[in-house]
Amino acid sequence: MIPVGLDGYRQDYRLLSSVRQGVAIVLIAAVVAWLPGVVSAQTLEILNRAAIAAIGAIGLNLLTGTCGLISIGHAGFLALGGMVAAILSQFPWLPFPAILACSAIAGGVVGIGVGLPALRLRGLYLVLSTLAFYYLFLYGVRVWQSHLSSVVALTGLSLPAPDLGIVQITSGRAWFYLLGAALAGVSLISLNLLRSRTGRAWLAIRDHELVAASMGIHAPYFKLVAFTISSAIAGFAGALLAYYNGTFSADFYTIELSIIYFAMIIIGGLGSIFGAILGALFVTAIPPLITAAVTTVGVPSAWQVAYVIPMEVVLYGLLIVLVLLFWPGGLIALWRRAHESLRTWPLGRAL
Amino acid sequence: MLDLGAALSAGANLVAIYGLVGLGFVIIYRASGVLNFAHGAMFALGGYIGFALCEATGMPMIAACPLVALIGGAIGWLFYRAVMPTLAGQPHWVPVLVTCACGFFILAGVIELVWTPASRDFLGELGFANTIIRLPLEIDLSTIQAALLVGLIVVELTILALYRYTRIGIQMKAAAHDHHLASFRGIDIHAVFALAWSIATAIAMLAGFAYSVDQRLDLHLVVIAIKAFPAAMVGGLEAIGGLILGALIVGMSEAFATVYIDPQIGELVPFALLLLILFTRPWGLFGRPQGALRV
């Protein structure tokens with residue numbers, strides 16, 4: 001492993017590590033912007049869902065990957081954001097961006113409450129407290145939904161297409177650009193956080209809380225900040241998800257959804273924003289890929305429900321376990337290794 | 001008075017299940033420091049395996065019980081041997097995610113693949129007798145529920161005796177206390193941990209079998225088992241002796257809230273209690289404070 005040397009704080013503060021990286025980002029952005037013109041509607045749907053998942057995963061990654069606080073209640077915050085969006089979208093005079101902002105704020109405020117036990121609890125006990133919050137909140141949402149009306153109780157609240165004033169977001173293509181912009185914004189905010197005092201404090205707390213405290217970092221404050229920002233981003237992602245689905249129903253936000261988000265940041269690579277995006281894309285693309293493979297092979301449609309969907313679930317689980325057992329570091333580590341061996345070729349070690 | 005009887009009998013049933021499943025959480029956590037999120041799926045799997053055994057061979061339920069326990073023990077042992085030693089030395093959230101993935105995805109998926117998600121009714125399909133026993137205070141317990149309650153007490157006492165009087169139990173305590181020191185003294189800690197997983201899984205699968213015969217068999221069993229976490233936490237995640245009291249508090253509160261207030265509130269009670277105990281006494285009523293700060 002070749003050490004990545006920094007020649008001073010200035011290099012740490014910089015948003016881009018080199019001009020080349022900037023050029024690469026511009027090129028990637030150009031390719032991404034050109035994508036909706038060439039790919040099929042199904043692929044666009046996968047990309048859109050992956051973008052929403054990536055936003056949520058970045059939020060979780062700030063909390064878990066960067067600050068080392070584990071939460072398996074992430075689906076609860078997605079549900080919170082979706083619920084706020086579903087309620088506020090009933091008022092037509094409220095602009096779409098304001099609704100998104102309200103969802104994020106609601107997520108952040110509730111996040112402070114959910115983060116409070118983290119001041120006292122560590123590790124597995126914290127996991128259990130987020131689990132308890134998740135179940136309490138979801139049961140609450142379910143009760144609320146069942147009291148609305150018999151139709152809503154079954155199918156959930158419906159949301160209109162988002163209206164940005166100039167354009168209405170209805171087509172997959174319009175969604176793609178909206179979600180792309182949102183993902184870029186959230187990534188930029190997170191990158192800025194990571195290279196600021198807050199981000200460095202989180203890393204220090206994750207690596208050794210006692211040492212961090214003795215360096216003058218107020219650990220409880222920064223832990224609460226981590227919870228707040230992570231759940232605000234999750235609320236934002238939840239609002240986008242509810243708008244994209246067109247409905248909000250408590251049944252959608254299962255504990256499995258929380259675990260899937262956790263899987264995204266593990267498979268992608270803990271603590272890395274690019275890793276969270278990669279992981280979200282990877283995990284979102286698996287079920288459609290399996291379905292596509294099944295259609296190509298030609299399986300009787302009766303088998304579809306009985307075997308294919310459970311197979312997807314099993315495959316998800318196997319993938320998470322295998323990555324954790326044999327591939328620590330996830331996709332981003334693989335990327336870095338490939339990059340490193342390319343840079344040091346032909347003298348560096350092989351993959 | 002009818003309400004009180006209904007609440008007490010529903011509560012007794014919950015206490016038995018939370019106690020038996022929670023015991024598994026505690027045994028595994030005490031031994032290997034892992035919160036086993038796959039335990040709920042093991043609980044459900046016990047029901048399905050028992051159902052398959054009875055359906056295929058036509059054996060009576062009593063005869064299937066030891067077989068289910070044996071298979072459960074083997075599965076727990078295999079699960080530990082296959083997955084856990086590889087995770088040694090990794091951060092503590094890695095086993096959390098691995099057991100989550102195994103329980104909620106792999107095992108649940110396999111159950112759906114093999115047995116379909118449809119709900120099954122043991123008593124109707126296989127024709128077991130499950131007579132109601134009437135106790136004072138109008139508490140109605142079915143034979144199986146009564147057996148589960150007795151089973152909880154017997155199993156708990158057996159485990160306590162195992163820890164206190166047998167060589168392997170003392171080895172388990174030593175390995176839990178400090179696995180480095182224990183292995184220096186010649187204890188094969190992986191064998192000891194595998195045994196703990198095996199015992200816990202056998203108990204969970206047997207309880208799952210009995211419960212699904214009594215109620216119904218489908219994947220809601222996984223959720224029931226999650227509510228055993230609060231029972232284990234209230235008693236103390238490291239205190240086997242406190243478990244019955246934890247199960248009693250959580251199960252009875254849930255049953256009373258269900259009967260007297262609202263069924264939906266009843267569902268919330270275990271998690272509210274879990275939060276309450278985490279905020280006030282994270283080490284549980286019978287645990288020691290060091291336990292909560294160890295991880």
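The values are calculated or read from the model by the stated rules, or taken from the named source; none is laboratory data. Since the model is a prediction, treat every value here as computed from it, not as a measurement. Because the Cβ atoms are built from the backbone with ideal geometry, glycine has one as well, and the counts that use them run over all protein chains shown.
Tabulated data for the structure shown
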{"read-out": "Within the range A:117-131, tally of residues that are facing chain B (nearest Cβ under 8 Å) and either outside any helix (DSSP H, G or I) or under 20 Å from B:Pro289 (Cβ atoms) (or both)", "value": "10"}
{"read-out": "Within the range B:258-290, tally of residues that are under 16 Å from A:Val143 (Cβ atoms), more than 12 Å from chain A (Cβ to nearest Cβ) and either in contact (Cβ under 8 Å) with a residue 12 or more places away in the chain or in contact with an Asp or Glu (Cβ under 6 Å, 6 or more places away or on another chain) (or both)", "value": "1"}
{"read-out": "Yes/no for A:Arg197 being free of Cβ contacts under 8 Å to residues at least 24 places away in the same chain, among the basic types (Lys, Arg) and away from chain B (no Cβ under 14 Å)", "value": "yes"}
{"read-out": "Contacts under 9 angstrom Cβ, first residue in the range A:65-82 being touching a residue at least 12 places away in the same chain (Cβ under 8 Å), partner among the basic types (Lys, Arg) and part of a helix (DSSP H, G or I), 6 or more apart", "value": "A:Gly65/A:Arg206; A:Thr66/A:Arg206; A:Cys67/A:Arg206; A:Cys67/A:Lys223; A:Gly68/A:Arg206; A:Leu69/A:Arg206; A:Leu69/A:Lys223"}
{"read-out": "Qualifying positions in the range A:54-99 - farther than 18 Å from A:Val152 by Cβ and part of a loop (DSSP other than H, G, I, E, B)", "value": "A:Cys67, A:Gly68, A:Leu69, A:Ile70, A:Ser71, A:Ile72, A:Gly73, A:Pro92, A:Trp93, A:Leu94, A:Pro95"}
{"read-out": "Residues of the range A:129-167 classified as of a type in the set (Gly, Ala, Ser) and in contact with a helix residue (DSSP H, G or I) (Cβ under 6 Å, 6 or more places away or on another chain), total", "value": "4"}
{"read-out": "Hits in the range A:201-212 - residues which are buried (at least 18 other Cβ atoms within 10 Å of the Cβ), under 15 Å from A:Gly65 (Cα atoms) and without any contact (Cβ under 8 Å) to a residue 40 or more places away in the chain", "value": "A:Ala201, A:Ala204"}
{"read-out": "Qualifying position, being within 20 Å of the chain's Cα centre (by Cα), of a type in the set (A, V, I, L, M), closer than 24 Å to B:Asp121 by Cα and more than 13 Å from chain A (Cβ to nearest Cβ), among B:Leu53, B:Leu107, B:Leu70", "value": "B:Leu70"}
{"read-out": "Extreme residue, nearest to the other protein chains (Cβ to nearest Cβ), among residues of the range A:97-116 that are surrounded by fewer than 22 Cβ atoms within 10 Å (Cβ to Cβ) and not hydrophobic (A, V, I, L, M, F, W, C)", "value": "A:Gly113"}
{"read-out": "Any hit, the range B:89-103, residues being surrounded by fewer than 23 Cβ atoms within 10 Å (Cβ to Cβ), at the interface with another protein chain (Cβ under 7 Å from one of its Cβ atoms) and among the polar types (S, T, N, Q)", "value": "no"}
{"read-out": "Test set (1) in contact with a Cys (Cβ under 7 Å, 6 or more places away or on another chain); (2) within 24 Å of A:Thr198 (Cα to Cα); (3) within 14 Å of another protein chain (Cβ to nearest Cβ) - A:Gly317 fails condition number", "value": "(2)"}
{"read-out": "Any hit, the range A:294-307, residues being in a helix (DSSP H, G or I), more than 14 Å from chain B (Cβ to nearest Cβ), buried (at least 21 other Cβ atoms within 10 Å of the Cβ) and polar (S, T, N, Q)", "value": "no"}
{"read-out": "Qualifying residue in the range B:239-248 (condition: buried (at least 19 other Cβ atoms within 10 Å of the Cβ), over 30 Å from B:Met59 (Cβ atoms), modelled with pLDDT under 80 and more than 13 Å from the chain's Cα centre (by Cα))", "value": "yes"}
{"read-out": "Some residue of the range B:166-188 being farther than 27 Å from B:Asp121 by Cβ, within 14 Å of the chain's Cα centre (by Cα) and of a type in the set (S, T, N, Q)", "value": "no"}
{"read-out": "Tally, over the range A:184-213, of residues that are modelled with pLDDT of 90 or more and not in a helix (DSSP H, G or I)", "value": "0"}
{"read-out": "Leading residue by the ranking (surrounded by the fewest Cβ atoms within 10 Å (Cβ to Cβ)) among those in the range A:309-348 that are touching a residue at least 60 places away in the same chain (Cβ under 8 Å) and in a loop (DSSP other than H, G, I, E, B)", "value": "A:Thr344"}
{"read-out": "Options A:Leu241, A:Leu281, A:Leu289, A:Leu351; residue that is assigned to a helix (DSSP H, G or I), more than 11 Å from chain B (Cβ to nearest Cβ) and modelled with pLDDT under 85", "value": "A:Leu289"}
{"read-out": "Complete set of residues in the range A:136-160 that are surrounded by fewer than 14 Cβ atoms within 10 Å (Cβ to Cβ), at pLDDT 80 or above and touching a Ser or Thr at 6+ places or on another chain (Cβ under 9 Å)", "value": "A:Pro160"}
